[in-house]
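**Q** The structure that follows is given in the form of C-alpha cells.
The values are calculated or read from the model by the stated rules, or taken from the named source; none is laboratory data. Source: prediction; values computed, not measured. Here the Cβ positions follow ideal geometry from the backbone for every residue, glycine too, while neighbour counts run over all protein chains shown. We work out accessible area using only protein heavy atoms, side chains counted, and drop any ligands, DNA or RNA first. Shrake-Rupley method; radii C 1.70, N 1.55, O 1.52, S 1.80 Å.
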Amino acid sequence: MREGADGRTGLVFVASSALVALVVGLVLGLPWPVTVLLPVAAGATGLVVLAMSAAGTRRDILRWQDAAVDVTAWAVRHDGRSDTSVAGLAGYAVADSRLFTGGILAAGRLAGFDVGVACFEVTEGQGAVSPHTAVLVRLPSPHPPMRGTPGRLPARAESVQVDGYDLRMVFRGWPPAVDLDLRVGEAVAVARGL
C-alpha cells in the first residue's frame, strides 16, 4: 500500500511540474512551441526521476531480502533463529547485549559461545547509506573495554569492540557479500583468545 501511495505522489509531482512549466511559459509570453515543450520536458524529467527512485527502492528491498535469507540460514545451521527485533531472540545471551542492534538479527551457538549476527545501515557523508554486518560473541567472563582494530584481529573487520561480556566485530556489507560462516568463525577465534 505504501508503494502505491508513493507512486501516486510521484505522478502528482510530475503532473504539477508540467502544469507549472505551462503556466510559466504562458505568463512569460514565450513562443507557443517553447510553451508546449516546457511542460513536456518537465514531465519527462519527473518521470525519469520517479523511475530512478522506484528502481532504488526495489534494489534496497532485494538486498534486504537476500540478507534476511542468508542470516536465517546461518541461524538454522547453528541451533538458532532470526528475527527483526531483539525481543524475538529471547533465550540467547546475546539478546541481552546493548551492542546487539540492527534490522535483521539472528542468534545461535557456535563452539560453546552464544553468537549474534546483526545487519544494519550507517548513514555516512552526504547522506550515503552503507550496509554493515556485526558479529556479537558473548564472552564467558567480563573483559575491560576496548575499541579499534588492533593488528592481531582480522584485517577485514571495520571495527572491534569489547565491552564486559560482549565482543562485537563489524564488517562492511550485508550477506551474501559478507561470508557469515567465515566472519563468525573469526569472531569466535578472537573470543577464544581473550
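**Q** Select, from 101, 72, 133, the only residue that is touching a residue at least 12 places away in the same chain (Cβ under 8 Å) and in a loop (DSSP other than H, G, I, E, B). I'd like the intermediate steps shown before the answer.
**A** Working: 72 fails: in a loop (DSSP other than H, G, I, E, B); 133 fails: in a loop (DSSP other than H, G, I, E, B).
Selected residue: 101, the only one of 101, 72, 133 that is touching a residue at least 12 places away in the same chain (Cβ under 8 Å) and in a loop (DSSP other than H, G, I, E, B).
**Q** Residues of the range 63-79 being open to solvent by 100 Å² or more (accessible area, probe 1.4 Å) and over 25 Å from residue 111 (Cβ atoms), which ones?
**A** Matches in the range 63-79: 64 only.
**Q** OK, next. Considering only the range 49-79, how many residues are modelled with pLDDT of 80 or more and of a type in the set (Gly, Ala, Ser)?
**A** Summing the residues that are modelled with pLDDT of 80 or more and of a type in the set (Gly, Ala, Ser) in the range 49-79 gives 4.
**Q** Looking only at the range 163-194, which residues are open to solvent by 40 Å² or more (accessible area, probe 1.4 Å) and in a helix (DSSP H, G or I)?
**A** 181, 182, 186, 189, 192, 193
**Q** A further question on this structure: Residues of the range 161-176 being under 18 Å from the mean Cα position of the chain (by Cα) and in contact (Cβ under 8 Å) with a residue 40 or more places away in the chain, which ones? Reasoning before the result, please.
**A** Looking only at the range 161-176, we keep the residues that are under 18 Å from the mean Cα position of the chain (by Cα), and these are 168-176.
Those that are under 18 Å from the mean Cα position of the chain (by Cα) and in contact (Cβ under 8 Å) with a residue 40 or more places away in the chain: 168, 172, 173, 174, 175, 176.
**Q** How about the range 149-187: which of its residues are at pLDDT below 90, closer than 15 Å to residue 136 by Cβ and polar (S, T, N, Q)?
**A** Result: 159, single match.
**Q** Scan the range 80-117 for residues that are at pLDDT 90 or above and either crowded, with 19+ Cβ neighbours inside 10 Å or hydroxyl-bearing (Ser, Thr, Tyr) (or both) and report the count.
**A** 23
**Q** Okay, moving on. Would you call residue 129 open to solvent by 50 Å² or more (accessible area, probe 1.4 Å), farther than 22 Å from residue 72 by Cα and β-branched (Val, Ile, Thr)?
**A** Details: open to solvent by 50 Å² or more (accessible area, probe 1.4 Å): yes; farther than 22 Å from residue 72 by Cα: yes; β-branched (Val, Ile, Thr): yes.
Spelling it out, residue 129 is indeed open to solvent by 50 Å² or more (accessible area, probe 1.4 Å), farther than 22 Å from residue 72 by Cα and β-branched (Val, Ile, Thr).
**Q** Write out, first by first residue and then by second, each pair whose Cβ atoms fall under 9 Å of each other, whose residues are 6+ apart or on separate chains, and whose first residue, in the range 138-160, is not assigned by the TED database to the domain that holds residue 94 while the second is at pLDDT below 85.
**A** Partner pairs satisfying both residue conditions: none exist.
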